[in-house]
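Structure first, commentary second.
The values are calculated or read from the model by the stated rules, or taken from the named source; none is laboratory data. The structure displayed is predicted, hence computed values, not measured ones. Accessible surface areas use protein heavy atoms only, side chains included; no ligands, DNA or RNA. Shrake-Rupley method; radii C 1.70, N 1.55, O 1.52, S 1.80 Å.
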Amino acid sequence: MGETPHRSADAGTGGTRVTQSHEWPAGASARVAEAPVSARTPGGNGLGGGGALPRNRKFGAERAFHGLTLAAGAMVLVIIVAIAAFLIAKAIPALRANTANFWTFEGWFPNDNPPTFGIGALAFGTVLSAALALLMAVPVAMGIALYLSHYAPRRLGNSLGFLIDLLAAVPSVVFGLWGRDYLIGPVTDLSGWLNKYFSWIPIFGGEGPYGNSILLGSLVLAIMVLPIITSLTREVFLQTPTANEEAAIALGATRWEMLRTAVLPYGRPGIIAAVMLGLGRALGETIALALTLGSTYAISFNVLESGGNTIAANIANRFAEANDTGRGALIASGLVLFAITLVVNIIARAIIYRRREFTESAA
Amino acid sequence: MKLQRYGTIACLALAATLGLSACGSDNNEPTPGASASGSAAAVDCGTGTVNAQGSSAQKNAMAEWIKAYQQKCQGTTINYEGTGSGAGIQAFIAGTADFAGSDSALKPEEQPQADAKCAGGKALNLPMVIGPVAVVYNAGSGVDNLQFKPATLAMIFAGKVTKWDDAAIKADNPDAKLPSAPIQAVHRSDESGTTDNFTKYLSKTAEADWTFGNAKAWKAPGGVGAAKSDGVASKVKSTVGTISYVEWSYAENSSLNLAKVQNGAGEWAALTAESAGKTIAGAKIEGQGDDLKLSIDYNTKEAGAYPIVLATYEIVCSKGLAADKLKLVKGLLGYAASAEGQTSLTELGYAPLPETVRTKVETAVKNLS
């Protein structure tokens with residue numbers, strides 16, 4: 001980010017015109033400059049003596065690299081379209097065979113004759129568990145990131161940051177087993193306590209035994225998305241221009257006020273991007289939830305009662321013994337997850353886009 | 001960024017070390033089959049490669065047999081993949097598996113497809129492994145030796161009986177001190193032959209109270225699901241108030257409380273290798289000739305029989321296997337059906353075939369050509 005002005009400054013001062021390509025206005029992006037190839041060769045300036053050299057380069061490495069990046073860019077589209085086409089082609093026969101309402105039926109019996117399955121409870125569970133996980137993870141992650149970037153002594157901050165990154169490398173099945181075999185104990189106790197004192201709030205109602213609930217699943221999820229959000233937001237907070245921070249402090253701000261007025265507004269788009277990335281992981285998490293959730297097919301806001309299921313966990317549980325219709329049904333559910341993720345990403349993009357101008361002025 | 005890279009490297013190193021040490025400890029384990037195979041019975045040694053797949057319920061038994069067989073017959077390759085019964089039968093029909101393991105005999109619609117793979121013969125169902133299903137519970141400390149009638153089990157798993165001190169459970173267990181706590185019925189969240197078998201048992205023995213039929217997927221409402229047998233065992237172990245069904249070996253490994261179940265003769269039967277075998281001995285053979293498809297009578301009147309058992313089959317061609325494969329398949333299955341092969345399973349949590357059935361299976365394997 002900080003490099004761009006330097007480069008343009010250099011180009012401005014260097015009047016020697018050895019390379020023509022660098023001579024183009026600093027503000028124009030590379031892609032724009034690339035398009036009118038023929039317009040470039042005349043040079044437009046009187047000197048133009050060394051025309052041969054740059055042209056040669058342009059048709060060599062320059063061209064090849066342009067092609068490579070274009071191919072890489074196109075590849076993304078091809079892959080996305082191919083995945084969508086595959087999912088739709090496999091899903092349609094199963095959806096046709098389904099004798100229950102795909103959106104509202106609570107259950108998953110595609111191997112039966114006639115097959116009946118519905119996505120409602122699964123989609124609901126997916127969104128609920130991911131949202132709860134973010135609700136728990138984001139404040140903690142922000143706290144860690146702020147501490148590491150602005151409070152902790154440098155050495156401690158670095159080693160703690162290393163530990164957080166290590167957490168991100170733990171495979172999700174380990175989190176799942178840990179949740180299933182260890183965390184379930186404390187969560188059961190907590191559920192009992194919450195139910196005892198707060199059962200008048202509907203989400204804490206019901207009666208035990210507790211354990212494999214949405215609460216347990218989203219707690220495990222929260223721990224899993226924590227390192228992603230922490231690493232990214234810490235990186236963003238470290239990018240805050242020192243000038244802004246010093247200006248805030250010079251105006252008499254305390255540390256907290258400085259964070260609030262200089263660091264947090266500057267990092268907001270980065271925070272949103274980090275949260276969305278975490279949400280992406282939470283929505284798609286498979287095995288940890290297959291191990292910790294109670295796998296029942298019912299739409300319920302109760303977070304303590306055993307049960308809950310998500311699209312990805314259901315695929316992991318049911319794929320092995322599924323017949324043709326069963327696989328098609330699971331793929332159809334994958335398609336719904338694909339759509340949910342797409343919507344989430346679009347929303348994230350929209351938010352970042354809207355905030356962009358503000359950040360650029362802050363920088 | 002740099003830190004992250006170091007983190008990844010450190011993790012890779014850690015994972016590699018753990019992986020290596022895990023492998024190392026595996027090799028050091030004494031092999032239980034080794035001592036048994038010392039008293040070598042005569043075994044037909046084939047050569048070459050046999051590929052089989054199917055039921056994961058018999059995977060451990062198969063692994064044990066393959067290990068023992070390969071110790072007797074060097075230079076053979078036998079692969080058994082626990083891909084699931086359905087996948088195994090599909091692979092057999094497609095010709096990619098030389099024999100298939102299955103939790104249920106071939107269905108009428110599958111039989112002709114499978115027969116088509118056996119030039120001049122037909123596909124046989126040979127019962128080979130008996131996996132008893134245990135009813136396990138955790139009702140808190142001091143509550144053990146519980147026993148259930150099929151109707152009580154059906155009501156518990158259907159969600160009609162919700163407290164441990166319900167009248168129905170009290171009637172079955174007049175002497176037990178039952179807590180006034182809610183019951184949580186645990187079922188498999190993945191599809192499984194064990195669920196199929198257990199629900200079949202409930203639907204045959206408690207028709208009035210179990211209206212959900214039988215299927216690999218759990219149909220009854222409520223309860224809580226756990227992934228795989230291991231998940232079920234762990235859930236029952238960790239949570240007071242739970243009851244579930246799980247393969248015997250998992251129940252033993254987690255030292256769970258096993259319930260006694262009332263059989264058709266009105267006796268309370270505990271689960272042992274012997275009592276499970278009695279149910280199989282009393283089963284009717286439905287197949288003809290060498291086809292030994294069993295029809296298990298869950299209401300068995302056999303004295304001392306434990307009724308919830310799962311018979312898993314090997315599906316194999318009576319004729320039409322290539323000569324080199326035939327010898328190997330006959331050798332392996334012959335060993336599996338031998339008295340030695342069957343008794344080696346007891347410590348893995350399977351019950352040996354009762355003698356009457358075993359001899360029939362052995363003859364059927366000999367007749368393969």
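Could you give me the percent of Cα pairs per 5 Å distance bin for the range A:116-362, shortest bin first, beginning at zero and ending with the bin that holds the maximum distance?
1, 6, 12, 15, 16, 14, 12, 10, 7, 4, 2, 1, 0, 0
Carbon and sulfur atoms: what percent of the 1.4 Å accessible area of chain B do they account for?
Roughly 52 percent, rounded to a whole number.
Restricting to Cα atoms and excluding each atom paired with itself, what does the Kirkwood estimate give for the range B:172-247 in Å?
13.3 Å
Please compute the Cα-Cα pair-distance distribution of the range A:193-313 with 5 Å bins starting at 0, giving whole percents from short to long.
2, 11, 15, 13, 12, 11, 10, 10, 8, 6, 3, 0
Could you pull the Rg and Dmax for the range B:302-360, using just the Cα atoms, both in Å?
So, for the range B:302-360, Rg and Dmax equal 14.0, 45 Å respectively.
For a test of the definition: using alpha carbon positions, the gyration tensor, and the 1.5 limit on a/c, classify chain B as rounded, prolate or oblate.
Here chain B falls in the oblate category.
Quote the Stokes-Einstein diffusion coefficient, in whole µm² s⁻¹, for the range B:80-232, based on the Kirkwood radius over alpha carbon pairs, a temperature of 25 °C and a viscosity of 0.890 mPa s.
Using the Kirkwood radius from Cα pairs, D works out to 138 µm²/s.
Note the buried accessible area between A and B here, summed over both chains, with a 1.4 Å probe, in Å² to the nearest 100.
Details: alone 20800 and 16510 Å², together 34900 Å².
Summing both sides, the interface buries roughly 2400 Å².
For the range A:177-239, what ratio Rg/Rh do Cα atoms give with a Kirkwood hydrodynamic radius?
1.16
Can you give me the Rg/Rh ratio for the range A:250-314, using Cα atoms for both radii and the Kirkwood formula for Rh?
1.29
When the scattering of the range B:135-211 is computed by the Debye formula from its Cα atoms alone, each counted once and equally, what is log10 I(q)/I(0) at q = 0.11, 0.14, 0.22 Å⁻¹?
With one equal scatterer per Cα and no solvent, log10 I(q)/I(0) is -0.28, -0.46, -1.06.
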